[in-house]
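Below is one structure, written out as structure tokens; comments come after it.
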Amino acid sequence: MTSVPVALALIAALALSGCKIVKTVAEGEGNTAVAAGEAGDDARIAALLDKTYDAELLPLIAEKALPVADLRAAIVGDLEAAGAAHGNKGSGEGAAWNFAVKGEGVVVEANLTSRARKAMLDTDGDGKADLTLQLGPVIKGSSLRDVAPFYRFGDFRDQIEFAKLARALNDRATAALVVPKGELVGKTVSFTGTVDLKAATDAWQVTVVTLTVTP
Amino acid sequence: MILNRRQLVGGLAVAVAGILPTLSFAQGKGTIAIITPSHDNPFFKAEADGAAAKAVELGYEVMVLVHDDDANKQNELFDSAIAAGVKAIILDNAGADASVAAVQKAKDAGIPSFLIDREITATGVAVSQIVSNNYQGAQLGAEEFVKLMGEAGEYAELIGKESDTNAGIRSKGYHDVIDQYPDLKMVASQTANWSQTEAYSVMESMLQANPGIKGVISGNDTMAMGAWAALEAAGRTDVIVVGFDGSNDVRDSILKGGIKATVLQPAYAQAQMAVEQADTFIAGGATGVEEKQLMDCVLINADNASKLETFALSA
């Protein structure tokens, strides 16, 4: 199963190096039927990510990302209106609004020893943390999936397959993150990511897709 | 109970045919059948109550039946409901595969079904399938469990009834989160079939075999209550227990510092939503929403337990 992404990665690497490559899957691979039902989930999700993560999801987040202050201003009046204008609602009743967001701030507090690493940022200069960056490897929530209107629950077999997509997206994002070793507190960090909000007053937990630390 | 109109209790399915004439001549918009597992579990009672209250509010008669998780019995109840000429069936089903035929039979008879709580394995047969996002809920519960455990230690898992898809979904959701923490070690995992008494004895033997257990994650609240009783009896109230459902029993335990957390499934609201969609469908032939719909679950711990009442959280 790992050979498909490897093959694609090779193709991608070759393509970057300038060779003209006709994009075909390695012989035999393309004919391998993906098992129906749960047994084929991992293969299907991997294929979906290969098709959509770099090509659709990251561009969507980059394009839609609002600066922290702008998003805060938009939701403070009316989360529903802000969501309709800038975000995407997760599937189902009671689901959160999901937004792409970008910003910069000073790390006030960090926990890099947990499996769910976190950095609390002050983005408005008042010396207090006002949002949390989730740095993985364990990521809470499904905002990377739910920010994208093209990942729809109805297109999946059931909630398990849909949940696997969220997990795979989280894993893909954190695998690409480079979190510097050593003390983060006091450093300035800029980021792009996604945040899910059920209420305007919810604390922000941002799932990070790009992270730059200023020394 | 808000019900003041006719409510038939489960087990009287055979009698339904007998009172058919009364139902047929009932004033109003006809009858909605509400079929769920046994009301012994307050979760299913809340569902039935929520659906019945909404149906009555919208001008329907209700026929409340229970299948006791027996697909054959459910099949008979469908026959009765079809014979009674109900306008719609609200169903928490008795098996993801086994229920497809019954729902299809109702559809063939021109009676739409609206499913709550549990999915079936076919689409296009029921009009709506509204289910709690059990996976998302399990992840919430597991995240809280991991936090309470300090990301390390030995734990046990109590799993629900195998025939119920939600047992597997919750277990997978738990492990999706917990297995990302290598210092959390599962030392025992066993089904207690959603049962409080079974969970009590399972917990007893788990404790004997694994005295180092620091936490128990349970697939539902009734099993969590059974496990907690066994832990109390063994003087092990230091063990962290997390459940699932959001029952009043576990709420009370949380408020007394016993069980640490659970995950609320909005059962009452979900059942009401199903009836609203049935009403829209009966009136216009469509619900205007997709067949498969998810409802998010909510983490309940000491911070918000006091706002929980009968599977609904007040603002």
Residue satisfying all of: in segment A:142-160; over 22 Å from B:T165 (Cα atoms) and of a type outside the set (K, R); nearest to the other protein chains (Cβ to nearest Cβ) among these:
A:D146
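With the structure loaded, tell me whether B:V62 is modelled with pLDDT of 95 or more and in a helix (DSSP H, G or I) or whether it fails that test. Working first, answer last.
Values: modelled with pLDDT of 95 or more: yes; in a helix (DSSP H, G or I): no.
Answer is no for this residue.
Grab the strands (runs of 3 or more DSSP E) fully contained in segment B:220-315, keeping just those with 2 or more residues being touching a Cys at 6+ places or on another chain (Cβ under 7 Å). So that I can check it myself, show each step before the final result.
Working: elements: B:240-242, B:262-264, B:292-295, B:298-300.
Here the list reads B:262-264.
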Counting only residues in segment A:168-193 that are assigned to a strand (DSSP E or B) and touching a Lys or Arg at 6+ places or on another chain (Cβ under 9 Å), the one nearest to B:V177 (Cα to Cα) is identified as A:G193
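For (1) surrounded by fewer than 24 Cβ atoms within 10 Å (Cβ to Cβ); (2) modelled with pLDDT of 95 or more; (3) not basic (K, R), each residue gets a yes or a no:
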{"residue": "B:A48", "(1), (2), (3)": "no, yes, yes"}
{"residue": "B:A52", "(1), (2), (3)": "no, yes, yes"}
{"residue": "B:D69", "(1), (2), (3)": "yes, no, yes"}
{"residue": "B:A83", "(1), (2), (3)": "yes, yes, yes"}
{"residue": "B:K87", "(1), (2), (3)": "yes, yes, no"}
{"residue": "B:A98", "(1), (2), (3)": "yes, no, yes"}
{"residue": "B:A101", "(1), (2), (3)": "yes, yes, yes"}
Starting from residues that are among the β-branched types (V, I, T) and in contact (Cβ under 8 Å) with a residue 60 or more places away in the chain, keep the ones in segment A:146-178 and report whichever is nearest to B:N133 (Cα to Cα).
A:I160
Going through A:G136, A:G127 one at a time, which residue ends up being in contact (Cβ under 8 Å) with a residue 24 or more places away in the chain and either away from every other protein chain (no Cβ under 11 Å) or of a type outside the set (F, W, Y) (or both)?
A:G136
For segment A:171-181, check the following and say yes or no: at least one residue is within 26 Å of B:A167 (Cβ to Cβ), within 13 Å of chain B (Cβ to nearest Cβ) and either crowded, with 17+ Cβ neighbours inside 10 Å or not small (G, A, S) (or both).
yes
Enumeration of residues in segment B:119-156 that are touching a residue at least 24 places away in the same chain (Cβ under 8 Å), farther than 25 Å from A:D158 by Cβ and outside any helix (DSSP H, G or I)
B:M149, B:E151, B:A152, B:G153, B:E154, B:Y155, B:A156
Taking first residues from segment B:49-67 that are farther than 14 Å from B:L77 by Cβ and second residues anywhere that are among the aliphatic types (A, V, I, L, M) and in a loop (DSSP other than H, G, I, E, B), the pairs with Cβ under 6 Å that are 6 or more apart or on different chains are B:A52/B:L3; B:A53/B:I2; B:E61/B:A26
Test result for B:D68, assigned to a loop (DSSP other than H, G, I, E, B), touching a Pro at 6+ places or on another chain (Cβ under 9 Å) and under 30 Å from B:D221 (Cα atoms)
yes
Take segment A:185-204 and flag every residue that is within 13 Å of A:D122 (Cα to Cα) and surrounded by 19 or more Cβ atoms within 10 Å (Cβ to Cβ).
A:V189, A:F191, A:W204
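Taking the residues in segment B:166-198 that are of a type in the set (G, A, S) and either more than 17 Å from the chain's Cα centre (by Cα) or within 14 Å of chain A (Cβ to nearest Cβ) (or both) as candidates, determine which candidate is surrounded by the fewest Cβ atoms within 10 Å (Cβ to Cβ).
Filtering segment B:166-198 for residues that are of a type in the set (G, A, S) and either more than 17 Å from the chain's Cα centre (by Cα) or within 14 Å of chain A (Cβ to nearest Cβ) (or both), the one surrounded by the fewest Cβ atoms within 10 Å (Cβ to Cβ) comes out as B:S189.
Yes or no: segment B:241-262 includes at least one residue that is surrounded by fewer than 17 Cβ atoms within 10 Å (Cβ to Cβ), of a type in the set (A, V, I, L, M, F, W, C) and either under 27 Å from B:I116 (Cβ atoms) or assigned by TED's automatic domain parsing to the domain that holds B:R118 (or both).
No - not one qualifying residue is present in segment B:241-262.
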Of all residues in segment A:77-117, which are within 14 Å of chain B (Cβ to nearest Cβ), among the charged types (D, E, K, R) and surrounded by fewer than 20 Cβ atoms within 10 Å (Cβ to Cβ)?
A:K89, A:E93, A:R115
Test: A:V195 is of a type in the set (A, V, I, L, M, F, W, C) and away from chain B (no Cβ under 14 Å):
yes
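The values are calculated or read from the model by the stated rules, or taken from the named source; none is laboratory data. All values reported here derive from a predicted model rather than from experimental measurement. Heads up, the Cβs are rebuilt from the backbone with ideal geometry, glycines too, and the neighbour counts pull from every protein chain shown.
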